[in-house]
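Report on the structure given below.
Since every read-out is calculated from the coordinates, none of them should be taken as a lab result. These numbers were taken from a predicted model, which means no experiment stands behind them. Backbone-built Cβ (ideal geometry, glycine too); neighbour counts: all protein chains shown.
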Amino acid sequence: MNTLTVSPVPVGPPAPVEYAVAVDRYLTEAELGVASRRVYRISLAGWAWPLVGRTPPAGVSRRKASPPIVPLALLDDSDAGRRIADALAWRRQSAQLRTVNRELSALRSAISWWQRREWIASDPTAGLEQFAARPVAARPLTDDQLAALFGAPAGLREQAFWHLLVDAQQTADAALGLDAGAIDLTGRRARLQNGQLAEWGARTGELLGWLLAGRRTGPVFLTDRRAPAGTASGDLCPLSGRSRMSYRRAAEIFTEHTRALDPDDRGWMLHQLRRRR
C-alpha cells in the first residue's frame with residue numbers, strides 16, 4: 001500500500017511579541033529609502049509611549065530617548081484607539097500639521113502590514129482622520145469650570161500660573177517668559193518681553209508673592225529639576241539651578257490636572273484659560 005506524502009506548507013516567521021521588533025520587520029521589508037526609513041522609525045517609535053499610557057519626551061530628546069517596551073498585542077486592546085486619539089490631539093498642540101499627519105500615516109501603514117500577516121487583528125487608527133486644517137480652538141472655560149480648577153489640589157507654581165493667565169489675559173508663552181525682576185508685587189503688574197503691561201488682582205498677586213518669596217532673579221516659573229548643562233543663563237535660576245518651564249511641559253501638566261474635571265476625560269488646554277473679550 002502506497003503512502004501519500006504531503007509536503008509541509010511553508011510557514012512564515014512567528015508573530016513578534018514586542019512592538020519594536022514588529023517595527024524592525026516592517027521597515028526591513030518596506031520599500032523605503034534610507035532617509036524615509038529613518039523618519040518612519042522615529043515616527044513609529046513615538047507611538048510606543050501613548051500605547052502604554054505615557055507621554056513621549058519633548059523636543060530633541062524625543063529622538064534620543066529609548067521607547068518603553070510595548071507588547072504588540074496592545075494594539076488589539078479595546079482602549080488602544082482612545083490612547084492613540086488622545087496622543088494625536090496632544091501632538092497636534094506641539095507639532096506642525098504636516099508632521100502629525102506623517103506620523104499617523106506611518107502608523108497606519110505599519111498596522112496594515114501587520115494585519116496582513118495576522119500579527120494583530122484590530123486597527124486602532126480606524127476612524128481617525130488626518131488634519132486638513134488647524135482645528136477650531138476649544139471654548140474658554142466657564143466660571144464654574146474655573147472655580148473647579150482653582151479649587152483642585154495643585155502646586156503653588158501651577159495655581160499661580162493659571163491664575164495669572166486668567167487674570168492678566170496673556171498667552172502662556174508671554175507668562176512663561178516673565179522674569180522675577182520684572183514683577184511689581186506691590187503694583188500687581190509686570191512689563192512683558194513684548195512690551196505689553198500685564199496686570200492682575202489680589203489673589204494672583206498673593207500667589208506670585210509666595211512663589212517668588214526670597215527670589216528676585218531668574219524665571220518666574222521654573223522646572224522641577226535642575227537644568228541640564230548648557231542652559232542659557234537667561235533661562236536659569238541662579239539660586240536653585242532650575243530652568244524656565246517650557247510651554248510643552250506647562251500644557252502637559254495642565255491637561256493632566258484637568259483630566260478629572262473634564263467629563264470627556266481628555267483634560268483641558270491652556271488657551272481655554274483666556275476669557276472671551
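Taking a temperature of 4 °C and a viscosity of 1.567 mPa s, what whole-number D in µm²/s does Stokes-Einstein yield for the stretch 166-205 with Rh from Kirkwood over alpha carbon pairs? After rounding, the answer is 128 µm²/s. For V70, the residues whose modelled amide H falls within less than 5 Å of its own, excluding neighbours fewer than 5 places apart on the same chain, are Y19, A20.
All alpha carbon pair distances within the stretch 143-273 were sorted into 5 Å bins beginning at 0; the resulting P(r) in whole percents reads 2, 10, 21, 23, 20, 14, 6, 3, 0. Every pair of different Cα atoms in the stretch 19-116 enters the Kirkwood calculation, which places the hydrodynamic radius at 13.7 Å. In terms of the mean number of neighbouring beta-carbon atoms within 10 Å, the peptides 196-202, 225-231 order highest first as 196-202, 225-231. In the stretch 219-277, inverting the average of 1/r over every pair of distinct C-alpha atoms gives 13.1 Å as the Kirkwood radius.
Modelled label positions at L32 and E18, each set 7 Å beyond Cα in the direction of Cβ, lie 1.8 nm from each other. Against the empirical curve 2.2 N^0.38 Å, the C-alpha radius of gyration of the chain lands at a ratio of 1.29. Within the stretch 177-227, all pairs of alpha-carbon atoms sorted by distance into 5 Å bins from zero give the percentages 4, 20, 31, 26, 11, 6, 1.
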